[in-house]
Amino acid sequence: MLMGVLLAAQRSLTSPGGPAALRTSHYRVLEAVGRGGVRVSDIGERVGVTTQAAGQFVSALVESGHLVQVPDPSDGRARLVSRTAAGTRAVRLVRRRIAALEATWADQVGPQRYATFRSVLRDLNDRDREGRPKPV
């Protein structure tokens, strides 16, 4: 039941369907790029995917006009990935939608309970990133 609630909420955050629609995974990559240029391997690490998978996402987002790649001035073999204006707009839109959804949830359960919920999720995420085994 909880998974259904979370998946329905996630679907409400992303753009409507169509050929140029972005998936949740695309937004995660856009968010991982941040404000400055970053290497694909760093994106993979931030998102928790292989460099190859990150490269595939980056290629799709370059093709859709949300990201650009430029040569890394410090290493001629490497390339840096940056957001375009469209990529930045997409991230801002999803952040606003997330904030609205979180405000709704906090209104429904109360700010203190929602803060506890967020804290527990943050702890679980941090433990997962530290390489601790996930509970089964």
How do the pairs read when you match residues in the range 86-100 that are within 21 Å of Gly65 (Cα to Cα) with residues anywhere that are acidic (Asp, Glu) and part of a helix (DSSP H, G or I), using Cβ under 7 Å and keeping only pairs 6 or more apart or on different chains?
Val91/Glu31
Given (1) modelled with pLDDT under 90; (2) assigned to a helix (DSSP H, G or I); (3) of a type in the set (A, V, I, L, M, F, W, C), identify the lone condition not met by Ala115.
(1)
Which of the residues belonging to the range 101-114 are surrounded by 12 or more Cβ atoms within 10 Å (Cβ to Cβ) and either closer than 14 Å to Tyr27 by Cβ or among the small types (Gly, Ala, Ser) (or both)?
Leu101, Ala103, Ala106
Check on Val38, over 24 Å from Asp126 (Cβ atoms), of a type in the set (Val, Ile, Thr) and under 16 Å from the mean Cα position of the chain (by Cα):
no
Unique match (being touching a residue at least 24 places away in the same chain (Cβ under 8 Å), surrounded by 14 or more Cβ atoms within 10 Å (Cβ to Cβ) and touching a strand residue (DSSP E or B) at 6+ places or on another chain (Cβ under 7 Å)) among Val68, Val81, Val62:
Val81
In the range 61-92, how many are closer than 13 Å to Arg28 by Cα and assigned to a helix (DSSP H, G or I)?
6
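The values are calculated or read from the model by the stated rules, or taken from the named source; none is laboratory data. As the structure is a prediction and not an experimental result, all values here were calculated from the model. Neighbour counts run over all protein chains shown; Cβ positions are idealised from the backbone, glycine included.
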